[in-house]
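K.L.:
Take this structure first; my questions come after.
Values in this text are rule-based calculations from the coordinates and carry no lab data. Since the model is a prediction, treat every value here as computed from it, not as a measurement. Note: ideal-geometry Cβ built from the backbone for every residue, glycine included; neighbour counts use all protein chains shown.
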Amino acid sequence: MSDIFATTTSFADLGLRTDVLKGIKDQGFEHPTIIQSELIPLAIEGRDIIGQSKTGTGKTASFGLPALHIIQNDSPFACLCLVPTRELAIQVARECRELGKHTGLKVLPVYGGQSINTQAEKLKQKPHIIIGTPGRVMDMNQRRLLPYDKIKLAILDEVDRMLDIGFRDDIRKILGGIRQKHQTIFVSATISPEIEQLARKYMHDPVDLSTTEASSLTVSQVEQSCVGVQEWDKRRLLQHLLKVEKPDLALVFCRMKVTVDKVAKALQNKNIDAVTLHANMHQGARNRVMEKLRQRDVHVVVASDLAARGIDVDDITHVVNYDVPEDPEVYVHRIGRTARKGRDGKAIMFVTPDQSDLLENIEKLTNVEIVERRYEDFKPGPEPSDIVDRRRRAEEAREAAKEQHSRVIDALPDAAQTQDASKFPGGVVPTGMPKKRMGGRIRTRRS
Ligand code: ADP
């Protein structure tokens, strides 16, 4: 626990106003976490800050508390906090509301999938702190319901996700739209040097609270392991794992939404109580799953990476990486859904024989050795016939291509055959100019 909390510091020491301290007490927080003890005083001083801290270490309160402290009741629209998912918008707004319940400040989540009219009505009540997803925030701004000219504090939660290619343009438009002087706070559990550089463009002389030493990015309370498995055995292995591990609450991550649906269906067919969570679901259904999760009214949630970031649910005992994530940072966020606030948790990853590179990248980033786990009672199944067929056809095609290639080489004049073919793309050594020159034009089928 002591690696998370600043046990010799109290929230009062951080300089927060009394009505905020009252909210903290009601929440039952005794000591600030380390990131909170570092970030809050600097934020109150008015500094721009880049803050990095492991998952489950209270980053939301680390920016939420100073926001509640800084923003005055006569300053509507003074704080805009951007987050990558609707679920996170709801969760962050909920936490800020609870912590700020004695301040009189209004906190509003603004996110897609909710009725524009309802949100418009709420924005007309002039909230002080907006927690929003970029698309809907821009939409509300265009409708002149969410002005940027009152913003004093701009926050990016999960900053690396917000500045990656998917959101980068939106963030540029929103942050670029804040013309007046303002303070910025950006946080995440993972911030690469490139993202940090990009983030700095939006900041003024920021204080850098990101970890630079080669310490692990994941909390030590999470027991990490991987299981070698063939693609076609994964569903059966998952069922086996759930039978053996008997998790109270497991989050199973798949790379694609279709896999989420298929895996959940397979579990349901085996009478395992599993629900799905991904972006193609209707927002009402997504909210219902989140509620089930919070109420622990479900044992297995099969999810896309929609649930990888920020979701704070107590007592997720297991995270299963059904598919290895391509981006190692995604792994850090996925497994960060368990072992929160100093509790224990298990993270188990399925790795197919061709994925050792991905595994190695994850180990390099996290600075942790992911040990191999075996389920001795699990019997691997035979390779399915369609896969055998596909492999055979691919092999035949490769052979045919090789043969064709040797025929081309044989037909070439002797001088060309002695040149090193590997130096040329496709291995075919050109012996002269092409017969017909294109005159700089490229012919396509349409032209
Ligand atoms: P992170 O964003 O770092 O993953 P969160 O902000 O979601 O973490 O916080 C994780 C949990 O810890 C939340 O349930 C939050 O209410 C709780 N929490 C935050 N700060 C404290 C604290 N100082 N003492 C106890 N619990 C805290």
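K.L.:
In terms of modelled amide H atoms, which long-range or inter-chain residues lie less than 5 Å from the amide H of Ile151?
P.N.:
Answer set, sorted by chain and number: none.
K.L.:
Beyond 22 Å, what percent of the Cα pairs of segment 63-170 remain?
P.N.:
The calculated P(r) of segment 63-170 puts 23 percent of pairs beyond 22 Å.
K.L.:
How much length, in nm to one decimal, is gained on full extension between Arg200 and Ser10, taken as 0.36 nm per residue of separation minus their Cα-Cα distance?
P.N.:
Full extension from Arg200 to Ser10 adds 65.3 nm.
K.L.:
Taking the simple approach of a point 7 Å from Cα along Cα-to-Cβ for both Glu30 and Val388, what is their distance in nm?
P.N.:
6.2 nm
K.L.:
Can you pull the Rg over Rh of the chain, Cα-only, Kirkwood?
P.N.:
Rounded to two decimals, Rg/Rh equals 1.07.
K.L.:
Could you pull out the longest piece of the chain with no exposed loop GluC sites (Glu not before Pro) in it, calling a site exposed if DSSP puts it outside H, G, I, E, B and it has at most 11 other Cβ atoms within 10 Å?
P.N.:
31-212
K.L.:
Still on this structure, please answer the following. Whose amide H sits under 5 Å from the amide H of Val252, counting only residues 5 or more places off or on another chain, with H placed in the peptide plane?
P.N.:
The list, which skips near neighbours in sequence, is Val301, Val302, Ala303, Val320.
K.L.:
Classify segment 11-212: rounded, prolate or oblate, from the alpha-carbon gyration tensor (a ≥ b ≥ c, eigenvalue square roots; a/c under 1.5 rounded; otherwise prolate if a/b is larger than b/c)?
P.N.:
oblate
K.L.:
If each Cα of segment 318-402 is one equal point scatterer, what is log10 of I(q)/I(0) from the Debye formula at q = 0.12, 0.13, 0.15, 0.18 Å⁻¹?
P.N.:
Evaluating at q = 0.12, 0.13, 0.15, 0.18 Å⁻¹ gives log10 I(q)/I(0) of -0.54, -0.61, -0.74, -0.90.
K.L.:
Pairs of Cα atoms under 8 Å, at least six residues apart: use those to get the relative contact order of segment 1-139, whole percent.
P.N.:
24 percent
K.L.:
Still on this structure, I have one more. Which value in nm describes the separation of the simple spin-label points at Lys106 and Glu372, placed 7 Å from the Cα toward the beta carbon?
P.N.:
6.0 nm
K.L.:
With a ≥ b ≥ c taken as the square roots of the eigenvalues of the C-alpha gyration tensor of segment 232-352, please select rounded if a/c is under 1.5 and otherwise prolate if a/b is larger than b/c or oblate if it is not?
P.N.:
Rounded.
K.L.:
So if we plug the beta-carbon distance of Arg144 and Arg296 into 1/(1 + (r/R0)^6) with R0 = 45 Å, what FRET efficiency do we get, rounded to 0.05?
P.N.:
0.60
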